[in-house]
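All remarks here apply to the structure that follows.
The values are calculated or read from the model by the stated rules, or taken from the named source; none is laboratory data. Please read all numbers here as calculations on a predicted model, not as lab measurements. Glycine also receives a Cβ, built like all others from the backbone with ideal geometry; neighbour counts cover every protein chain displayed. These area figures cover heavy atoms from the full protein model, side chains too; ligands, DNA and RNA do not enter into them. Shrake-Rupley method; radii C 1.70, N 1.55, O 1.52, S 1.80 Å.
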Amino acid sequence: MELKNRFVSIKAAIDGTPLDSDFEIKTETLSFSIGVGTKQVLVQNLYVSIDPYQLNRMKTRSSSQTAISFASAIIPGEAIDTYGVGRVVESEKPDFQKGDLVAGLLSWGEYTVVKEGSILNKLDPMGLPLPHHVGTLGFSGLSAYGGFFEVCKPKKGETVFVSAASGSVGSLVGQYAKLFGCYVVGCAGSQKKVDLLKEELGFDDAFNYKEETDLNSALKRYFPDGIDIYFDNVGGEMLEAAVVNMNTFGRVAVCGVISEYIDNGKRAAPNMLDVVYKRITIEGFLANDYIKLYADFFSTTMEHLRTGKMKALTDISYGLESVPSAFIGLFRGDNVGKKIVQIADE
């Protein structure tokens, strides 16, 4: 069979703040034949993930591009792969049938031909909305779970600070920490987000970092007895201020540094004397590091969602044309929770 596929691509490498003019929607003809032994699966994309790390893949050069295959460079003019949920149209693999729901590595497009060896799994929604399986029960959730429990190694009663706390990962970290028995403060970029953290997600406190002229003083105010755990999603000045306020044997889990993605000259410079004398651990990680935890993560999180102990924040835009603006909005702080684009009706 042959069908027309529209997909989003970049026109050239993006080495600064992404703009609408950096993207284009292209059309290709996909050919898919049953019985040729390719073991490919043709998937109609339903929901696709929009993630800030993709910008590092779009740059002319980034150290991330050689670190892991998921972060390899995106070639201008070609489809952009991402995690998502879709429905099988045709399949060369006997374990995937037409009409099956699947989750895996799809693309910012209407259809994806998933090749043998690529991530693709049959999906049982288990009574939850499909977008939950893109973010909260996908790699965003695994990042939060693995980063908090494996990197931070929390103890009950410890103090936890989460930056970008209303984002796809931070919103989950804060909830995991509260359920575990920690004192949790988050920061976000608007009063609306601050209210959501405290009133909807159960954070003990939260503040708008844009209203703080001195982040060091702000953290001293919210953590008079110091910070035991800092879950970092932003880098930059926030990491510097957190380190100053860390307790002895504090742990910093570096999940992302979004403040540095669009400014090549911006780098965090934590006080290394504090790191040495307080014996602070600063560790970067990727969700892929904790694939072995996926079963535990999934069952635990599913149970919390079903019982209402956790809430999944999803921010959904509609239509392929909205992908570029959805992506650009991440760097303006437009999203609340996991940013997803719905490509087609379920």
**OP:** Please go through the stretch 1-55 and pick out each residue that is part of a loop (DSSP other than H, G, I, E, B) and among the basic types (Lys, Arg).
**Re:** LYS11, LYS39
Original post:
Which of the residues spanning the stretch 120-140 are open to solvent by 10 Å² or more (accessible area, probe 1.4 Å) and either in a loop (DSSP other than H, G, I, E, B) or without any contact (Cβ under 8 Å) to a residue 60 or more places away in the chain (or both)?
Top reply: ASN121, LYS122, LEU123, ASP124, PRO125, MET126, GLY127, LEU128, PRO129
**OP:** Starting from the stretch 284-295, take each residue that is of a type in the set (Phe, Trp, Tyr) and list its partners that are surrounded by 16 or more Cβ atoms within 10 Å (Cβ to Cβ) and in a loop (DSSP other than H, G, I, E, B), counting only C-beta distances under 8 angstrom and pairs at least six apart or across chains.
**Re:** PHE285/CYS255
Subject >> Restricting the stretch 318-334 to residues that are touching a residue at least 60 places away in the same chain (Cβ under 8 Å) and over 20 Å from GLY16 (Cβ atoms), the residue that is least open to solvent (accessible area, probe 1.4 Å) >> reply: LEU320
Subject >> the stretch 141-163, subset hydroxyl-bearing (Ser, Thr, Tyr) and touching a helix residue (DSSP H, G or I) at 6+ places or on another chain (Cβ under 7 Å), residue most open to solvent (accessible area, probe 1.4 Å) >> reply: TYR145
**OP:** Filter the stretch 5-34 down to residues that are without any contact (Cβ under 8 Å) to a residue 40 or more places away in the chain and over 29 Å from the mean Cα position of the chain (by Cα) and give me whichever is surrounded by the most Cβ atoms within 10 Å (Cβ to Cβ).
**Re:** SER33
Original post:
If a residue has to be closer than 27 Å to MET1 by Cβ and either open to solvent by 30 Å² or more (accessible area, probe 1.4 Å) or not in a loop (DSSP other than H, G, I, E, B) (or both) to count, how many in the stretch 56-90 make the cut?
Top reply: 13
